[in-house]
Amino acid sequence: MDDRYKFCMDTATKLRLAHTDKSDLAACAIRLAAARLVTGLRQNEMAIAIFGADRRTKINNMERGLNYPSREVMTWLFRNHRIDFNFMMLGLYAQLPGDVQEVLFEKLVIANNEWDRKEHSNPGQAGRLTSQPQT
């Protein structure tokens, strides 16, 4: 983890990284990418663990903000990694165990940076995703 965040991650930083109270495709995609990084699995490995087959396209589409994380994905994350639906859909993190929060915020830094990098390399796609209405 970047040392800037390790010792001084205040509530405002956590809210920003988790995109708390945002339920648009982009926010959910960032949270899913961070959750997958927590698992240590690649997209194909995660797909096999969840669906029993290599359906990395499903995971990839969710991480690209084309689809919301499915119930199967969120259920698997909760059962196996204690990352719950509240976090996945709204970025609510206070209810997560402390050890989960610690590693999750480390991965959220990475996922947000990756999303920003992609957004700047493909502004048409990113603009479409970030303008999705919140539900």
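The values are calculated or read from the model by the stated rules, or taken from the named source; none is laboratory data. What you see is a predicted model, and the numbers here were worked out from it, not measured in a lab. Every residue, glycine as well, gets a Cβ built from its backbone with ideal geometry; the counts of neighbours run over all protein chains shown. SASA here: full protein model, heavy atoms, side chains in, ligands and nucleic acids out. Shrake-Rupley method; radii C 1.70, N 1.55, O 1.52, S 1.80 Å.
Given the options 60, 48, 13, identify the residue whose Cα lies farthest towards the positive end of the charge dipole of the range 1-83 (+1 on Cβ of Lys, Arg; -1 on Cβ of Asp, Glu).
48
Which value in nm describes the separation of the simple spin-label points at residue 86 and residue 53, placed 7 Å from the Cα toward the beta carbon?
3.6 nm
Just check the range 4-93 against the gyration tensor rule for me: Cα atoms, a ≥ b ≥ c as the square roots of the eigenvalues, rounded for a/c under 1.5, and otherwise prolate or oblate depending on whether a/b exceeds b/c.
On the way: a/c = 2.00, a/b = 1.69, b/c = 1.18.
Note, shape of the range 4-93 comes out prolate.
With the Cα gyration tensor of the range 55-118 giving a ≥ b ≥ c as the square roots of its eigenvalues, does the rule (a/c under 1.5 for rounded; else a/b larger than b/c for prolate; else oblate) give rounded, prolate or oblate?
Details: a/c = 2.00, a/b = 1.18, b/c = 1.69.
Here the range 55-118 falls in the oblate category.
Rolling a 1.4 angstrom probe over the protein chains, ignoring ligands and nucleic acids, what is the accessible area of residue 114 in square angstrom, nearest 10?
Only protein atoms counted, so the area is about 70 Å².
What is the distance in Å between the Cα centres of the range 47-73 and the range 27-45?
Going from one Cα centre to the other spans 10 Å.
Give the aspartates and glutamates whose C-alpha is closer than 20 Å to that of residue 107, dropping any in the same chain fewer than 8 places away, or say none.
2, 3, 10, 21, 24, 45, 63, 84, 99, 116, 119
Measuring from label point to label point, each 7 Å out along Cα→Cβ, what is the residue 110 to residue 122 span in nm?
Taking the simple label geometry, residue 110 and residue 122 are separated by 2.1 nm.
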